[in-house]
1. Are there helices (runs of 4 or more DSSP H) fully within region 25-143 with at least 2 residues that are touching a Phe, Trp or Tyr at 6+ places or on another chain (Cβ under 6 Å) and over 19 Å from Leu231 (Cα atoms)? List them.
2. Of the residues Asp113, Asp29, which single one is within 20 Å of the chain's Cα centre (by Cα), modelled with pLDDT of 90 or more and of a type in the set (Asp, Glu)?
3. So is Ala239 modelled with pLDDT of 80 or more, farther than 17 Å from Tyr149 by Cα and either in contact with a strand residue (DSSP E or B) (Cβ under 6 Å, 6 or more places away or on another chain) or not assigned by TED's automatic domain parsing to the domain that holds Ile133 (or both) or not?
4. Kindly list, by first and then second residue, each pair from a residue in region 28-45 that is farther than 18 Å from Ser68 by Cβ to a residue that is modelled with pLDDT under 90, limited to pairs with Cβ atoms under 9 Å and residues at least 6 apart or on different chains.
5. Here is a check on your reading of the model: is Phe88 under 14 Å from Ile222 (Cα atoms) and crowded, with 22+ Cβ neighbours inside 10 Å?
6. Scan region 271-298 residue by residue and report those that are in contact with a Gly (Cβ under 8 Å, 6 or more places away or on another chain) and either farther than 23 Å from Lys117 by Cα or part of a strand (DSSP E or B) (or both).
7. Quick one: in region 312-325, of everything that is over 24 Å from Glu114 (Cα atoms) and over 22 Å from the mean Cα position of the chain (by Cα), which residue is surrounded by the most Cβ atoms within 10 Å (Cβ to Cβ)?
8. Could you list, in sequence order, all residues of region 253-268 that are modelled with pLDDT of 85 or more and either loosely packed, with under 14 Cβ neighbours inside 10 Å or aliphatic (A, V, I, L, M) (or both)?
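The values are calculated or read from the model by the stated rules, or taken from the named source; none is laboratory data. The model shown is predicted, which means the values in this text are computed figures rather than measured ones. For neighbour counting, all protein chains shown are included, and Cβ atoms are generated from backbone atoms with ideal geometry for every residue, glycine included.
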Amino acid sequence: MEEVQGSELKAEGEILPGSAEVMASLTTDEAAAFKKFVERCESVHMHLLSWPADLDKNETRSGINDASTLLRFLRARQFDVEGAYTQFKEAINLRISTNIIKGYDEIDIHNFDEARKLYPHWTGRFSKRRLPICFFDIAHLNGETLAKYNAPNQGREEGVGTKHTLAVHDFLTRFVLPLADEVKGDTKDGPVINCLYLIDASSLGIKQAWGVKKYAQETSGILAGSYPEVLSRVFVINAPAFFPAAWKWIKPWIEAGTAEKLVFLSADEVMPTLKEHIDIDSIPKRWGGELEWSHGMLPDLRKEVKEKLGWSEAQEFPVGPVKWRNEGDGLVACLSGGDNGTLRSGKVADGKGRISKATVMNGEKTDGPTP
């Protein structure tokens, strides 16, 4: 792909956001590689770390080209600087060519919510290591859903569209992972850069397994190319008896790095394994936990997370893509897509200058362009 130049706007004296926390969590050799990677990305050749075009100066670069994002690409390449640079450059080119930053703001919230259900989506809970927990029920990939996925649409020549896929995963990297890092607090582990995935495969049939080929190829390809290391581990739960044989011909469809992170759990292994990683009140009831959760639900935040966001206990998570903005005395969480809705705000005092208050626009965008 021909290189596309992004905006060269860059605040005077700006330091790559999050660099200090990342560097403190790395070994000496890893820190040296990270520093070299940053320098490579800052070269005159590409300006990969310039302020992104279409990103408002009051927003944050989290999940786009901040230090945590660079760390994900570097880890995906096992700290091979040139390999990470090439992959990151291609991902930034895709972001620019699809105009996804503007697309994230303009996507119709109904389209966003429908696209969200096509992929593992955040439950609103975190693991014991404070990794966001994402859930997907393969039963959702029925004939009707796959037909919609493969039908012509805007964003690419056919299917749900690259912009929709990028918008859904940008929600994880631009909003959820920074929130997880705040929930985690100050530790020596470095920033939270990946999620724990729970996949219910109990409904999978042979015909359906063949039908998801295109979906599996495209999804794993986008994740591996533009969102490397977002997956920490994928627990595939209650796969049918035929699955070990089927996996031999399904596996080549999936990007190798993604496939290696899949862990298949039988019925007897589910609860003992999940309890090692997740508190009982964040494990879905279908597997013996206490969380009332089903596919497609909006994030269900625990009380302490709502308090950190400054939300009331009754505040429900909004429909649509959410992002962080700088509002002088801290960061606020706001819904993309204009100024429709009612502002709800409060303050969160952590003393670190990261999130000192949060505001959510609790309203639905009912019109506007669809990418």
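1. Filter on region 25-143 gives 28-41.
2. Testing whether each residue is within 20 Å of the chain's Cα centre (by Cα), modelled with pLDDT of 90 or more and of a type in the set (Asp, Glu) leaves just Asp113.
3. In short, yes.
4. His45/Glu3
5. yes
6. Met271, Ile280 - these are the residues of region 271-298 that are in contact with a Gly (Cβ under 8 Å, 6 or more places away or on another chain) and either farther than 23 Å from Lys117 by Cα or part of a strand (DSSP E or B) (or both).
7. Per the criteria, the residue is Ser312.
8. Glu260, Leu262, Val263, Leu265, Ser266, Ala267, Asp268, listed by residue number.
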